[in-house]
Amino acid sequence: MKSVKAEQIIHLGKVLSVDSSVGSIEILLEDGGDCGSCPAAKLCSHGPKSENKVVVMSDDTFEVGEKVRVVGTEMMHRKAIVLALVCPCLLLIATMVMVYLLTLDESVAALSGLGLMLVFFIVLYVCRNRIAREFVFRVEKL
């Protein structure tokens, strides 16, 4: 079976702070990376023309002010899109259609859909640490 290398998402940044006791690095992202071709760039906080701080775990030693490259995989990007956009949309539409077919009341269907969205995002928030373990970024020196 042939191994396929996943495409990478790359952001350039500058090290703001280093916490060697836990191995974390705070990085200011200075570019939009490959966000220009991303269909969700306007929805993402890391879109073009924005500067964002991220905290990345790394065993390497970095200095404050050092230029770095933050690398993620295309698979992580797809998983984030599914969790943030696809699942909520499908749940919202399915809930509203089912409730409307059962009650024939649009307001009940709309409130049910919104209620389910609230529950979905609360569950997502509660599971954030488990989900975060699946999104591991690599930091490279320039």
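Data for the structure
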read-out: Criterion (assigned to a helix (DSSP H, G or I), at pLDDT 90 or above and within 17 Å of the chain's Cα centre (by Cα)) met by exactly one of VAL99, VAL108, VAL119, VAL82; value: VAL82
read-out: Condition broken by CYS87, with the remaining ones in (1) outside any strand (DSSP E or B); (2) at pLDDT 85 or above; (3) surrounded by 14 or more Cβ atoms within 10 Å (Cβ to Cβ) satisfied; value: (3)
read-out: Single unsatisfied condition, ALA132 versus (1) in contact with a Leu (Cβ under 7 Å, 6 or more places away or on another chain); (2) without any contact (Cβ under 8 Å) to a residue 24 or more places away in the chain; value: (1)
read-out: Cβ-Cβ under 6 Å pairs, at least 6 apart or on other chains, region 92-121 side more than 20 Å from VAL82 (Cα to Cα), far side part of a helix (DSSP H, G or I) and of a type in the set (Phe, Trp, Tyr); value: ALA109/TYR100
read-out: Yes/no for GLU134 being exposed (fewer than 12 other Cβ atoms within 10 Å of the Cβ) and within 16 Å of GLU26 (Cα to Cα); value: no
read-out: Exclusive hit being in contact with a Lys or Arg (Cβ under 8 Å, 6 or more places away or on another chain) and among the acidic types (Asp, Glu), set GLU140, GLU74, GLU63, GLU106; value: GLU140
read-out: Members of region 1-19 found to be of a type in the set (Lys, Arg) and at pLDDT 80 or above, listed by number; value: LYS14
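The values are calculated or read from the model by the stated rules, or taken from the named source; none is laboratory data. Just so it is clear, the model here is predicted, and its values are computed rather than measured. Don't worry about glycine lacking a Cβ; one is built from the backbone with ideal geometry, like all the others, and counts go over all protein chains shown.
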